[in-house]
Amino acid sequence: DADEDDADEDDADEDDAEEFTPGRGKPVHVPLDPEILASLPVIPLSQVQNSPSSHRSPDDPLLVTHEGIVYDVSSFAAHHPGGRDLLLTAGGLDLSHFFRNYAVHGRSDKAARWLAPLAVGKLSDADRRAAEAGATAAVHVERRHRWLTRARRRIVWVAATLPLWMTVRTCVRWVGW
């Protein structure tokens, strides 16, 4: 009986470890109506990956994937709680890694509810596997690093040119414009 109790405790510990892994939220699943899912066109992964990551124009699609579904999150970019630029780092990638990495996504159904109406297509099975395999921590870190580097350069540029702009402002005031 003691051996059975130990085995039961080990099973319970394993269940708890799966449920309460630090830093990870619950999996995000976007429930889509089967009719809508069937009507979605197949979009090649290359088209998703080549969508403009700068998303400078409202007409530029910002495509991402999750669970084999392609979403155009362009209309959501300005409303993303982490900021537009943070969402841009996920452009062209599968969101599974981001959802696992940022536990806040799995704490409620908000992410799933926001994504559901943005579905525009689906990937083939091979493209789905490739998308999920290609969205790794290394890819995420590299994109975030590029984004942070650009942000730092903008800040340094503003700080470095501030004396010039202050001089221009003073000259304009003297001239009386």
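Among the residues in the range 113-120, are any among the small types (Gly, Ala, Ser), surrounded by 12 or more Cβ atoms within 10 Å (Cβ to Cβ) and in a loop (DSSP other than H, G, I, E, B)? Among the residues of the range 113-120, not one is among the small types (Gly, Ala, Ser), surrounded by 12 or more Cβ atoms within 10 Å (Cβ to Cβ) and in a loop (DSSP other than H, G, I, E, B), which makes the answer no.
Selection of the range 121-139 for residues being outside any helix (DSSP H, G or I), crowded, with 16+ Cβ neighbours inside 10 Å and at pLDDT 85 or above yields Gly121, Lys122, Leu123. Only one entry in Ala78, Ala12, Ala90 is at pLDDT 70 or above and more than 22 Å from Ala135 (Cα to Cα), namely Ala78. When you look at Glu132, is it within 17 Å of Leu45 (Cα to Cα) and charged (D, E, K, R), yes or no? Yes, satisfied. Restricting attention to the range 29-75 and to residues that are over 26 Å from Asp109 (Cβ atoms) and outside any loop (DSSP other than H, G, I, E, B), the residue that is modelled with the lowest pLDDT turns out to be Gln49.
Close contacts from the range 72-83, counting a first residue that is aromatic (Phe, Trp, Tyr) and a second that is open to solvent by 40 Å² or more (accessible area, probe 1.4 Å), with Cβ to Cβ under 9 Å and a gap of 6+ residues or different chains, come to Phe76/Trp114. The C-beta contact set for the range 151-177 (first residue within 30 Å of Leu86 (Cβ to Cβ), second residue open to solvent by less than 80 Å² (accessible area, probe 1.4 Å) and at pLDDT below 90, distance under 9 angstrom, 6+ apart or interchain) comprises Ala151/Asp85.
The values are calculated or read from the model by the stated rules, or taken from the named source; none is laboratory data. Quick caveat: nothing in here was measured; it's all calculated off a predicted structure. Heads up, the Cβs are rebuilt from the backbone with ideal geometry, glycines too, and the neighbour counts pull from every protein chain shown. Only protein heavy atoms, including side chains, enter the accessible area calculation; ligands, DNA and RNA are left aside. Shrake-Rupley method; radii C 1.70, N 1.55, O 1.52, S 1.80 Å.
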